[in-house]
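The values are calculated or read from the model by the stated rules, or taken from the named source; none is laboratory data. Not measured: the values here are computed from a predicted model. Ideal geometry is used to build each Cβ from the backbone, glycine not excepted, and the neighbour counts take in all protein chains shown. With ligands, DNA and RNA removed, areas are computed over all heavy atoms of the protein, side chains included. Shrake-Rupley method; radii C 1.70, N 1.55, O 1.52, S 1.80 Å.
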Protein chains: 2
Amino acid sequence: MRVAEIAPAPARPVVEDVRPRVEDGRYDAKGTVGDAIEVQADAFLDGHDLLAVDVHYRHESERRWLREPMVAIGNDRWRGHLIPTKTGRYRFQVQARVDHFATWLHDLRARIAAGQDIAVELLVGADLAEAAAGKAASTKAGAKDRDRLAEFATDVRNGFIPDPDEVNDAILAGLVAKYAATGATTSSPIYPIRVERERARFSTWYEMFPRSASSDPKAHGGFLDVIDRLDYVRELGADVLYLPPIHPIGITKRKGRNGAVTAETADVGSPWAIGAKEGGHTAIHPALGTEAEFGKLLGAARDAGIEVALDLAFQCSPDHPWVGEHPEWFKHRPDGSIRYAENPPKKYEDIYPLDFESAQWRELWDALLDVVRYWIGHGITIFRVDNPHTKPFAFWEWLIPTVQADHPDTIFLAEAFTRPKIMKRLAKLGFTQSYTYFAWRTQKWELVEYLTELTQTEVADYFRANFWPNTPDILTEQLQHGDRRTFTLRALLAATLAANYGIYGPAFELTERAARHAGSEEYLDGEKYQVRHWDLEEPRSIAPFISKLNAIRHQQIALQHDRTLTFHHVDNDALMVYSKTVPLSTIGPLSTIGPLSTIGPPPTIGPPSTKLPGPAAAPVVVVANLDDRHLQGGWVDLDLSALGVDGSRPYVVHDLLADVRYRWEGPHNFVQLDPDVTPGHIFRIEAIDDAPVDGGLK
Amino acid sequence: MRVAEIAPAPARPVVEDVRPRVEDGRYDAKGTVGDAIEVQADAFLDGHDLLAVDVHYRHESERRWLREPMVAIGNDRWRGHLIPTKTGRYRFQVQARVDHFATWLHDLRARIAAGQDIAVELLVGADLAEAAAGKAASTKAGAKDRDRLAEFATDVRNGFIPDPDEVNDAILAGLVAKYAATGATTSSPIYPIRVERERARFSTWYEMFPRSASSDPKAHGGFLDVIDRLDYVRELGADVLYLPPIHPIGITKRKGRNGAVTAETADVGSPWAIGAKEGGHTAIHPALGTEAEFGKLLGAARDAGIEVALDLAFQCSPDHPWVGEHPEWFKHRPDGSIRYAENPPKKYEDIYPLDFESAQWRELWDALLDVVRYWIGHGITIFRVDNPHTKPFAFWEWLIPTVQADHPDTIFLAEAFTRPKIMKRLAKLGFTQSYTYFAWRTQKWELVEYLTELTQTEVADYFRANFWPNTPDILTEQLQHGDRRTFTLRALLAATLAANYGIYGPAFELTERAARHAGSEEYLDGEKYQVRHWDLEEPRSIAPFISKLNAIRHQQIALQHDRTLTFHHVDNDALMVYSKTVPLSTIGPLSTIGPLSTIGPPPTIGPPSTKLPGPAAAPVVVVANLDDRHLQGGWVDLDLSALGVDGSRPYVVHDLLADVRYRWEGPHNFVQLDPDVTPGHIFRIEAIDDAPVDGGLK
């Protein structure tokens, strides 16, 4: 091919390796309203000319592109930010242009420094300004810019020698770049970012079984009992109250207490064996209450600042109405029977899985969408999705955006405890939050490795971790063999490592730890199969500690974000030290946001304001003692620059758990933790003169 | 959107993170004829069903897709190979299917082991086989398969209980998978691989200045002198003879010896200041010889098994004919003068850069293409490209494939010593080979880090390193302060770390090491600016060592490949131990290759043959002493599994440099190297009974 066939001239800059991008742009990266999203890209050029690089972005409902300048951070990498101001999908690209004027200034500086004759070179600058003036003149609102540019050109031609250092920072350079920078290369494809509400990023979950909520030890609890429990939940500090399935429970093949294959008459069955003669996924178990009582619960919770989350468990008991009405939605064996759930040789005869691949899959999928919409119609905005990895990925990839198109505030939490790539795929295709392996990560090295992957790699672009120390199915070996000290440690870690976390209570705060049998992670007499009654006043309860933790989380903005997580060195592997800081975005706008199409001064390029709005935005340093049995001490090496702390001056670390202040100096300080007293410190970094100091080793 | 709008049913398997892929498929990965290319992908599925995963591929000139089965290698990653048999572009995809028959067999095995009633389950298998039989019947050549499948179904219905372990390995399972596996997901896009001839991967370069080749110390050498030098070059073991530009050299602003700004009358100038009244890029410097003599050189080189590589230096001296004929191809300053090369405040007044962005860029690009085609017309197949990073990337991205479309065997070596991402980009867009930072990597940690990046990461998919210990511009500090021991060490490293390497001689083999001045990497009295005469018989010459090295490279297939490079531990940082093995592909076909469209037995799934074809394919272990001054010893820990060595039996390491054999046992063995004797060992691993053993410490 002769080059004549290429038109127009290809642009010189290269833009590649743009972040955030998920599966080459096929899936959305994730963000939340008001939080700056860091954009990075490689951008470079042949030869010695300088580049100007911007990120361009827009909300999908807007036509106008906004732009923010990016800055070089070394090794041809550029960084910028976009700040989403509303929910929905944003799209962005990175654009690099050859900045001939900046190049001219850069060279002019070198020529002047070397004492070279610059007479002719000055004319080059005048030509550039003049060309820019010409372009400015051709735009609607460019008259003023044209005058400024033409004036500069004339001055230079008349002998004015600009000071490159001054011009470089002036409005003029921006004007020339704006009108005369050529050869723009724009990244492709246009990458999408899904922006959600704040609770997608920061949430505090509490799971409880309504049937165990009665204050009458002999009664089957229900929604009205849960209403009575709301004060307790609010006091704990939860903002999401997750209820296991509230639907009628099947009788056929119902499991008994502790999962017994044969149930006694009085056994209540597993709420996940959904469906009985009273109805299926859109019905309410009569023993829990009426639809009106459920509505009352939702209202009371809303008044208490708590959202109720329901469970989406897309499977049926043999008594589910769909079994009779839609036998085609189930798998059949050659003898005509419906295939129950199994993982050979294990059998789960109380559950019929739905057949997502049947010839009538379209009708089934639509029916499941209707289930979600039904509960959204009742005011539900958060769903915990049971075992999403046993349904086709394509189903969720269709269902979630279909729901969010009408209800962008809907949150889906993926309950998939399975292989890493499957969990990541579910997050990529749209799940708002994901359960994690946190419950089983107990050693420092594995916590550091796992958290680093979740918060510091591209996984953080799409996967929002939700840390649970326990669930009705997961009573870890560590908790079984632990005590109050173990439970407070796990709560501390979950609450401060992850902005989204939850506990299954009251089992957790009452430090329930009897397993069904040795080697099992099932609770003995677990609520999955029976009604339990809990004495919330028991002295063993760690509810006060959890309330304190959650109050600190709500007060300290740093703990509401995951991406600033930083681990710090400590010379004892039983201790783990980490910090979180408030991302720039919550402090203030990064720079003036200028729409591309508006004529005006170029965007201000410079560091964002670093003025903190008070103690709520202070850096937080957590020192956790992973040894729940023994006192441990060690020397901490804080990365002060990561904390924004001036290492030359003393500072105060204020333990928000114990409300004690210590005076620290420099990075190297000693800590000592007794698990009988506390599982750790949650230090807020304060200036030395903010408050009186209570103690400290120096 | 209602699901009814989705058609057909989305497939369940997920395929992602396919390798090799370069810039999400925008650029070609690289391969060479006959070498298996490893393909990897993540593939997984919801639920518990099993997958069948294949790589499908075809040469772009063929319509028929070939397929090779992939195998699971853990963490949902799959691996397979494709073997290109001719040059040109291949395309491949990875396809994953739900293998219901394999799932059925897997479950059947579990049910039988648990003693469950399998009567109904057997019918499921019969149904699957019957469905496959139905599909087989509908294909042109499927009659035989249909019979086999129908027979199996009938047998099972009649009470035959298949042994799952037997069936699983039989042809039957393949047949069912072939006809009945459903829900295929195919990776997208279709990734390209450019397959080149062997020399793209394995080449031994020798650079020399023809003008310094005369045996008469007073004469300006030329092509006929180079012909006389061919025996020497062949003896050294080079197969590419690279000549700096052979074109007329400008007189205006010609540089003098050692780069002096003003030349003496007798000074010959830099060959890179191309163009004089005798002509430009398609002319030959009269002092070097005639076009006929150049043709004679090419013929003689060909007869000696040597390819002559020319230099593409797309820049002009002020006397180049294009300056007068096409002033529009150059940048002009406001005073009308042509802009010479500069990097302010540095000036290169003997060079006019071409302006790739001028209004007449199309004509210029075409003229440069004509230059390449001109020399290809003379029989040149290899080009070393001077400073490609100072020309637009888009120019090379157009030029290289345009040339290779007609001349697929053309090799381009990128001489870009610049920032990492720029060097990588040039490789991505089409350069066959690339110069590297090798010359400046002298410490063990940095060599290991750099080589690991080049050979073990995705960089290896597109970047073919060419290691040069020196060039006319690069006399490293290490060489300047070194001696014969340093030069042999650097030759050993270059020749055994990289399948492509070269030296600039005779300066290198004569251990020339005087720099122009302290702190400079320029040669004193360098050939860039003057004629030199070399006494090849000087006793200081390390030519015999280099000949030996290259003979070993030609004999040991392992050294002709880079991707099997493995570093082994040794407890002395002055020693570096690494190995190369022969990739599977050169040993034999990996499996039967079956075209997808042909009805026949499914491809054989199983490990490739590991029978070695003799000592040429043996693993090679290099022990290098990076300390060129002192004797160093240490204990080596060989990764025997990487070498395919049975650790339970003794083996022989045969030093091919010294032709000495040692008996080693297990991974842990002692080595000691005296730089006065040798910079290292090149060990061929041999079976204990292959040859008598000369020595060894055990």
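Could you work out what % of the accessible surface of region A:100-180 is carbon and sulfur, using a 1.4 angstrom probe and leaving DNA, RNA and ligands out of the count?
Exposed carbon and sulfur together represent 54 percent of the surface.
Rolling a 1.4 angstrom probe over the protein heavy atoms, how many square angstrom per residue are accessible across region A:351-499? Write down the numbers at each step before the final one.
Working: 4150 Å² over 149 residues.
With the other protein chains kept in place, region A:351-499 gives 28 Å² per residue.
With a/c under 1.5 counting as rounded, go ahead and sort region A:100-180 into rounded, prolate or oblate using the C-alpha gyration tensor (a ≥ b ≥ c being the square roots of the eigenvalues; past the cut-off, prolate if a/b is larger than b/c, else oblate).
The shape class here is prolate.
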> In nm, one decimal, shortest first: how far is the label point of B:GLY633 (7 Å from Cα along Cα to beta carbon) from the matching points in the other copies?
Replying inline: 4.8
>> Amide H of A:GLU307 versus every other amide H placed in the peptide plane: which residues, excluding those fewer than 5 positions away on the same chain, fall under 5 Å?
In response: A:VAL240, A:LEU241
>> Quick check for me: using +1 on Lys/Arg Cβ and -1 on Asp/Glu Cβ, what's the dipole size of the protein assembly as shown about its Cα centre, in debye to the nearest 20?
In response: 1780 debye
>> What do you get for the angle between helix B:119-137 and the principal long axis of chain B? Use alpha-carbon atoms, 0 to 90 degrees, nearest ten.
In response: 60 degrees
> Nearest beta-carbon of A to the rotation axis carrying it onto B: which residue, how many whole Å?
Replying inline: A:ASP24, 2
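Only Lys, Arg, Asp and Glu count, each charged at its Cβ (+1, +1, -1, -1), so figure out the dipole size of chain B about its Cα centre, rounded to 20 debye.
Details: 76 positive and 98 negative charges, 195 e Å.
Computed charge dipole of chain B: roughly 940 debye.
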> Helix A:393-406 versus the longest principal axis of chain A: what angle, 0 to 90°, nearest 10, using Cα atoms?
Replying inline: 70 degrees
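Taking 0.36 nm per intervening residue step and subtracting the Cα-Cα distance, what contour gain separates B:ILE688 from B:ALA642 on full extension? Kindly include the intermediate steps, with their values, before the conclusion.
Details: separation 46, 0.36 × 46 = 16.56 nm, distance 1.84 nm.
Gain on stretching B:ILE688 to B:ALA642: 14.7 nm.
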> If one takes the accessible area of chain B alone plus chain A alone and subtracts that of the pair, with a 1.4 Å probe, what total in Å², rounded to the nearest 100, results?
Replying inline: 5900 Å²
>> Output wanted: per-residue J couplings in Hz (rounded whole) for region B:662-669, from phi through Karplus 6.51 cos²θ - 1.76 cosθ + 1.60, θ = phi - 60°, x for Gly and Pro.
In response: 10, 8, 10, 9, x, x, 9, 9
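If you take every residue apart from A:LEU123 with its C-beta less than 11 Å away from the C-beta of A:LEU123, what net charge results, scoring Lys and Arg +1 and Asp and Glu -1? All intermediate terms of the calculation are to be shown ahead of the outcome.
Details: positive: A:ARG157, B:ARG333; negative: A:GLU121, A:ASP127, A:GLU130, B:ASP335.
Within the 11 Å Cβ shell, the charges total -2.
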> If amide H atoms are built 1.01 Å from N in the plane of the peptide, which residues on other chains or at least 5 residues away come under 5 Å of the amide H of B:GLY256?
Replying inline: B:VAL261, B:THR262, B:ALA263
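Given the protein assembly as shown, what percent of its DSSP beta bridges are antiparallel, to the nearest 5?
On the way: 160 of 222 bridges.
Just about 70 percent of them are antiparallel.
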> Ranked by accessible surface with a 1.4 Å probe, highest first, in what order do A:VAL120, A:VAL176, A:VAL33 come?
Replying inline: A:VAL33, A:VAL120, A:VAL176
> When all protein chains stay in place, what accessible area (Å², nearest 10, 1.4 Å probe) is found for B:HIS681?
Replying inline: 20 Å²
> Mind listing the phi-derived Karplus ³J(HN,Hα) values for region B:284-290, rounded to whole Hz, using 6.51, -1.76 and 1.60 with θ = phi - 60°, and x for any glycine or proline?
Replying inline: 10, 4, x, 5, 7, x, 8
> Label points 7 Å out from Cα along the Cβ direction at B:ALA341 and B:LYS135: separation in nm?
Replying inline: 6.2 nm
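So, R0 is 35 Å and r is the distance between the beta-carbons of B:THR262 and B:HIS378; what FRET efficiency does that work out to, to 0.05?
Numbers: r = 35 Å, r/R0 = 1.01.
Computed FRET efficiency for B:THR262 and B:HIS378 comes out at 0.50.
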>> How compact is chain B by the rule of thumb for globular proteins, expressed as Cα Rg over 2.2 N^0.38 Å?
In response: 1.14
> If amide H atoms are built 1.01 Å from N in the plane of the peptide, which residues on other chains or at least 5 residues away come under 5 Å of the amide H of A:HIS81?
Replying inline: A:VAL39
> Once both axes come from the Cα atoms, what is the angle between helix A:143-157 and the longest principal axis of chain A, in degrees from 0 to 90, rounded to 10?
Replying inline: 40 degrees
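So what's the net charge close to A:ALA309: Lys and Arg +1, Asp and Glu -1, counting the other residues with Cβ under 11 Å from its Cβ? Walk me through the numbers on the way to the answer.
Details: positive: A:ARG199, A:ARG384; negative: A:GLU207, A:ASP239, A:GLU307, A:ASP311.
Taking every other residue near A:ALA309 into account, the sum is -2.
For the pair A:ALA110 and B:ASN75, what calculated FRET efficiency results from E = 1/(1 + (r/R0)^6), where r is the Cβ-Cβ distance and R0 = 60 Å, to the nearest 0.05?
On the way: r = 53 Å, r/R0 = 0.88.
For R0 = 60 Å, the calculated efficiency reads 0.70.
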>> Within 9 Å, Cβ to Cβ, of B:GLY250, how many net charges do the neighbouring residues add up to if Lys/Arg are +1 and Asp/Glu are -1?
In response: 0
> Along the charge dipole of region A:100-180, which of A:HIS106, A:ALA132, A:ASN158 sits closest to the positive end, that is, farthest toward it, with unit charges on the beta carbon of Lys, Arg, Asp and Glu (+1, +1, -1, -1)?
Replying inline: A:ALA132
>> On a straight-distance basis, which lysines could pair with A:LYS218 in a cross-link, Cα separation under 27 angstrom, same-chain partners fewer than 8 positions away excluded?
In response: A:LYS253, A:LYS255, A:LYS277, A:LYS296, A:LYS528
> Between A:GLU458 and A:LYS86, what FRET efficiency follows from the Cβ-Cβ distance if R0 is 25 Å, with the result rounded to 0.05?
Replying inline: 0.50
> Taking the DSSP beta bridges in chain A as the whole, what percent of them are antiparallel, to the nearest 5?
Replying inline: 70 percent
>> Treating the point 7 Å from Cα along Cα-beta-carbon as the label, what are the nm separations from A:GLY644 to the other copies, to one decimal?
In response: 5.9
>> Based on alpha-carbon centroids, what's the gap between region A:433-477 and region A:496-536 in Å, whole number please?
In response: 18 Å
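Please report Rg over Rh for region A:270-327, where both radii come from the alpha carbon positions and Rh follows the Kirkwood definition.
Values: Rg = 13.5 Å, Rh = 12.8 Å.
Here Rg/Rh amounts to 1.06.
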> From the Cα gyration tensor of the protein assembly as shown, with a ≥ b ≥ c the square roots of its eigenvalues, which class applies: rounded if a/c is under 1.5, or else prolate if a/b is larger than b/c, or else oblate?
Replying inline: prolate
>> Please report, for A:ASP216, the nm distances (one decimal) from its label point, 7 Å out from Cα along the beta-carbon direction, to the equivalent points in the remaining copies, shortest first.
In response: 12.2
> Fully extended, how many nm does the chain gain between B:GLU325 and B:SER188 (0.36 nm per residue separation, minus their Cα-Cα distance)?
Replying inline: 44.4 nm
> Spin-label point model (7 Å from Cα, Cβ direction): what's the B:ALA514 to B:TRP635 distance in nm?
Replying inline: 4.9 nm
> Cross-link partners among lysines for A:LYS421, C-alpha distance below 28 Å, same-chain residues fewer than 8 apart left out?
Replying inline: A:LYS30, A:LYS331, A:LYS346, A:LYS347, A:LYS391, A:LYS444, A:LYS580, B:LYS30, B:LYS178
> How large is ³J(HN,Hα), in whole Hz, for each residue of region A:466-477 in order, when computed from phi with the Karplus curve 6.51 cos²θ - 1.76 cosθ + 1.60 and θ = phi - 60°, using x for Gly and Pro?
Replying inline: 10, 8, 10, x, 8, 8, x, 9, 10, 10, 5, 4
> Each label point is 7 Å from the Cα along the Cα-to-Cβ direction; what then is the distance between the points at A:GLU537 and A:GLU62, in nm?
Replying inline: 5.6 nm
